[in-house]
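Presented below is the structure to which this report refers.
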Amino acid sequence: MTPPSRTPETLDEARSRADTEDAAARRRARRAALVHYLGMPVVLAGVLLALYLYVGGQELDSIEARTLTADNLIGQTRQHIVLTVYSTFFVLLLAIPMGIVATRPATRRFAPAIIGLGNAGQAIPSLGMLALLFYVFRTTPGLPSTGTVPVVVSLVGYSFLPILRNTMVGLDQVDRFVLEAGRGMGMSNGLVLRRLELPLAVPVILAGVRTALVLNVGTATLAFLFGGGGLGQTIFSGFQLRRTPVLLTGAVLVAVLALLVDYLAGLIEEKLSPKGL
Amino acid sequence: MTDRANADTAVSPAAAEGTGSSVMIDLIELTKRFPGTQDPAVDRLTLQIPRGEIVVFVGPSGCGKTTSLKMINRIIEPTSGSIVIDGEDVTTIDPNRLRRRIGYVIQQIGLFPHVTIEENVATVPKLLGWDRDRIHARVDELLDVVGLDPEIYRQRYPKELSGGQRQRVGVARALAADPPVLLMDEPFGAIDPITRTRLQNEFLRLQAELQKTIAFVTHDIDEAIKMGDRIAILREHSHIAQFATPEEILTQPANEFVEDFVGTGATLKRLKLSRVREVDYTTDALTGRIDEPREVLRRRLHESEWTAILLLDADGRPQRWLRGPDFLHDRPVTQLGLPARAFVEGHATLSDALEEMLLGSAGVAIVVDNRGSYLGILDIDDIITSIQTMRDADAEFHRAAKLVDPLDEVAE
């Protein structure tokens, strides 16, 4: 099929053949993605169903019955989601602009400091970070000592690094000749950033956002320790009271939530990534 | 030589339409010193690029030719010196405004991978605030100009195109807002040799129509000779070793550096600059009509000093070469002798003609017009004579140059 010696003209043909093979590969990939994206909700629904059947099949004592009410679980799930969404929103608001600042020629010198900040945020164990912030909030007059606010602040600190790092990497990996062509045609620095750098960095930035979201779902299980609520409450009750159905319900719900968030973020990633890349 | 001279005079009317000056780009004492380096990358480069011409910057790598080019649109800001374009000093104006007036083509092309071919080409018109219909029409026109069918390619993404096609889009994008000036940094450098030759030829044809003022960087002296109306051979720090027409560079290298850079085979390169129609080729070769009686043809050949007769068809297109012994065979005339081969047209270069001759078996090339009708015969001796004439003319020029100041065509 492949001729032993290729003249440049057959190279062109080879390219177009590669293109059609590419197209076939893309179709296959799309079908695979479809299976993947339909598969995940189905699996998660199956897990929830199994959990329901398992708990329903158990003889629940009074403690278990009191903990595992629909109201309780739905309320905690909602709190969990609220914490995750808030913290992700604020961390995006902070980390992406910081990532942009850290990659501009004029302000690039701040990059080590910004990365250091992000590193500290992630290096401190999440429980330690929550405890520290809880302490700071309680001793600072005017700040709420418990509840959503300190937890969200802590989650922001914890998920700052992945988004910052991915923003910086995403911006730095953009082909410099694409940028040179843009500048050479008279695009201002702002336009180059908005029209070229950010759109081309979107896939990498979104990968960071996805990581941050999943991290936040996990870390938010600690929120109940500081009055932030969330599914951690159920897990820890089950643990402390040695009630396996309660422990299992909390743990499975958190796991399903994390996977669901990852799945949704994946959909968004695919939707927002520019075509042609 | 005469060909180039004609090209120069053809430029003058266009020049008269502009601001009046024949100089489009005027680089004055342009210097670039990169931070942390002792020597300047470009040291007081002073050069004038005439309106409507292609000036090629050529030189060994690291000589500063790309830096020099990129200072014209201030992608690299000059440390000192000034740039005057079309009479306006643009050294300190808003660089973005400047760049929208200058087409820019780079070797890596730099197409925007996340937008379609149409949006790529529309970049500068959009920046200039053209309305949608005008942009759409312009994109279609330009894709057509560079040989890409708009219907097929408008909505494609860069990665779906081959390297040659991408570079065509790169050229279309640079021409989008019809800038008077183009900067091209090794535009055909990353393309396979056959596609490169095709793109070079197409670009020269396009340039004959558009008459843009072009600064063109390459490291390939053959490309410089082919593309340039003038060539600036640069050595370290962008010092000009010679700034002259390709003919002069080849026949009168100003110094040893130029001689070395042009390399051996300067004579062969010169053959690329002379065209068949400029040569005194034979027009009275022995011919006959293919439908003439065999005996008439035989007698004509026999009575002449020629060793072969060229048979033409009713439209004058060469068909077959017949030698004396061929008539001994008892076959129709159309099957005797050898098929005529090695056709060249008047605009072909002597280099092309020589190649045809060497490939064809007859040792001559048949000169035809654009419809393929016979005009004459180009012999290898004609080419040798032509080379000899070039040498004599050069010697003549050298003697003249010693008596009077050399005619500085650029500074006029």
Only one of these is without any contact (Cβ under 8 Å) to a residue 60 or more places away in the chain, more than 35 Å from the chain's Cα centre (by Cα) and buried (at least 16 other Cβ atoms within 10 Å of the Cβ): B:Arg294, B:Arg317, B:Arg323, B:Arg298. Name it. B:Arg298
Extreme residue, farthest from the other protein chains (Cβ to nearest Cβ), among residues of segment B:129-140 that are surrounded by 14 or more Cβ atoms within 10 Å (Cβ to Cβ) and over 23 Å from B:Leu204 (Cα atoms): B:His136
Answer with yes or no whether A:Ile74 is at pLDDT 90 or above and open to solvent by 80 Å² or more (accessible area, probe 1.4 Å). yes
Give the residue that is nearest to the other protein chains (Cβ to nearest Cβ), with candidates limited to residues of segment B:35-48 that are farther than 25 Å from B:Arg97 by Cα and either within 25 Å of the chain's Cα centre (by Cα) or not charged (D, E, K, R) (or both). B:Pro35
If you scan segment A:218-242, which residues turn out to be part of a loop (DSSP other than H, G, I, E, B), open to solvent by 30 Å² or more (accessible area, probe 1.4 Å) and more than 16 Å from A:Thr69 (Cβ to Cβ)? A:Gly227, A:Arg242
Residue that is farthest from the chain's Cα centre (by Cα), among those in segment B:238-262 that are over 14 Å from B:Lys226 (Cβ atoms) and open to solvent by less than 30 Å² (accessible area, probe 1.4 Å): B:Ser238
Would a scan of segment A:119-139 turn up a residue that is open to solvent by 60 Å² or more (accessible area, probe 1.4 Å), closer than 30 Å to A:Pro245 by Cβ, within 26 Å of the chain's Cα centre (by Cα) and modelled with pLDDT of 90 or more? no
Tell me which residues, restricted to segment B:141-177, are away from every other protein chain (no Cβ under 13 Å) and open to solvent by 40 Å² or more (accessible area, probe 1.4 Å). B:Glu141, B:Asp144, B:Val145, B:Gly147, B:Asp149, B:Glu151
If B:Thr197 satisfies all but one of (1) touching a residue at least 24 places away in the same chain (Cβ under 8 Å); (2) more than 9 Å from chain A (Cβ to nearest Cβ); (3) over 26 Å from A:Gly276 (Cα atoms), what's the number of the condition it fails? (1)
A:Phe177 meets each of (1) within 14 Å of another protein chain (Cβ to nearest Cβ); (2) not in a helix (DSSP H, G or I) with one exception, condition (2)
Go through segment B:227-275 residue by residue and tally those that are closer than 27 Å to B:Thr31 by Cβ, touching a Lys or Arg at 6+ places or on another chain (Cβ under 6 Å) and in a helix (DSSP H, G or I). 1
Which of (1) within 27 Å of A:Ala220 (Cβ to Cβ); (2) in contact (Cβ under 8 Å) with a residue 12 or more places away in the chain does A:Gly39 not meet, given it meets every other one? (2)
Is there a residue in segment A:102-120 that is closer than 18 Å to A:Val209 by Cβ, touching a residue at least 40 places away in the same chain (Cβ under 8 Å), in a helix (DSSP H, G or I) and touching a Phe, Trp or Tyr at 6+ places or on another chain (Cβ under 8 Å)? yes
I'd like the residue in segment B:204-222 that is open to solvent by 20 Å² or more (accessible area, probe 1.4 Å) and in a loop (DSSP other than H, G, I, E, B) and, out of all such residues, is farthest from B:Ser68 (Cα to Cα). B:Gln211
Within segment A:249-275, restricting to residues that are of a type in the set (Ser, Thr, Tyr) and open to solvent by 20 Å² or more (accessible area, probe 1.4 Å), the one that is nearest to the other protein chains (Cβ to nearest Cβ) is A:Ser273
Could we say that B:Arg51 is within 14 Å of chain A (Cβ to nearest Cβ) and closer than 30 Å to B:Leu127 by Cα here? no
Search segment A:190-201 for residues being more than 9 Å from chain B (Cβ to nearest Cβ) and of a type outside the set (Val, Ile, Thr), and hand back the single one that is least open to solvent (accessible area, probe 1.4 Å). A:Ala201
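One line per residue, one yes/no per condition, for (1) modelled with pLDDT of 95 or more; (2) more than 14 Å from chain B (Cβ to nearest Cβ); (3) under 21 Å from the mean Cα position of the chain (by Cα):
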site	(1), (2), (3)
A:Ala181	yes, no, no
A:Pro203	no, no, yes
A:Gly208	no, yes, yes
A:Phe226	no, yes, no
A:Gly229	no, yes, yes
A:Gly232	no, yes, yes
A:Leu247	no, yes, no
Give the number of residues within segment B:178-203 that are open to solvent by 10 Å² or more (accessible area, probe 1.4 Å), part of a loop (DSSP other than H, G, I, E, B) and not charged (D, E, K, R). 4
Matching residues in segment B:125-152 - criterion: being under 19 Å from A:Gly186 (Cα atoms) and in a helix (DSSP H, G or I): B:Pro125, B:Lys126, B:Leu127, B:Ile135, B:Arg138, B:Val139
Those residues of segment B:90-110 which are without any contact (Cβ under 8 Å) to a residue 40 or more places away in the chain and among the hydroxyl-bearing types (Ser, Thr, Tyr) amount to B:Thr91, B:Thr92
Among the residues of segment B:237-247, are any within 20 Å of B:Gly52 (Cβ to Cβ), modelled with pLDDT under 95 and among the β-branched types (Val, Ile, Thr)? yes
Please indicate, with yes or no, whether at least one residue in segment A:102-109 is under 22 Å from A:Val254 (Cα atoms), among the charged types (D, E, K, R) and out of contact with any Leu (no Cβ under 6 Å at 6 or more places or on another chain). no
Any residue at all in segment B:274-287 that is out of contact with any strand residue (DSSP E or B) (no Cβ under 9 Å at 6 or more places or on another chain), without any contact (Cβ under 8 Å) to a residue 60 or more places away in the chain and farther than 30 Å from B:Glu223 by Cα? no
Where a residue in segment B:42-59 is polar (S, T, N, Q) and its partner, wherever it lies, is part of a strand (DSSP E or B) and open to solvent by 10 Å² or more (accessible area, probe 1.4 Å), with Cβ under 6 Å and at least six apart: B:Thr46/B:Ile28; B:Thr46/B:Glu29; B:Gln48/B:Val23; B:Gln48/B:Asp26
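The rows are residues; the columns are (1) touching a strand residue (DSSP E or B) at 6+ places or on another chain (Cβ under 7 Å); (2) at pLDDT below 85.
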site: B:Ile366; (1), (2): yes, no
site: B:Asp369; (1), (2): yes, no
site: B:Ser373; (1), (2): no, no
site: B:Ile377; (1), (2): yes, no
site: B:Gln388; (1), (2): no, yes
site: B:Arg391; (1), (2): no, yes
site: B:Asp394; (1), (2): no, yes
site: B:Asp405; (1), (2): no, yes
Suppose we filter B:Ile93, B:Ile109 for residues that are of a type in the set (A, V, I, L, M) and either surrounded by 17 or more Cβ atoms within 10 Å (Cβ to Cβ) or in a helix (DSSP H, G or I) (or both); which single one remains? B:Ile109
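The values are calculated or read from the model by the stated rules, or taken from the named source; none is laboratory data. Computed from a predicted structure; not experimentally measured. Backbone-built Cβ (ideal geometry, glycine too); neighbour counts: all protein chains shown. When the accessible area is computed, the model is the full protein with side chains, heavy atoms only, and any ligands, DNA or RNA have been set aside. Shrake-Rupley method; radii C 1.70, N 1.55, O 1.52, S 1.80 Å.
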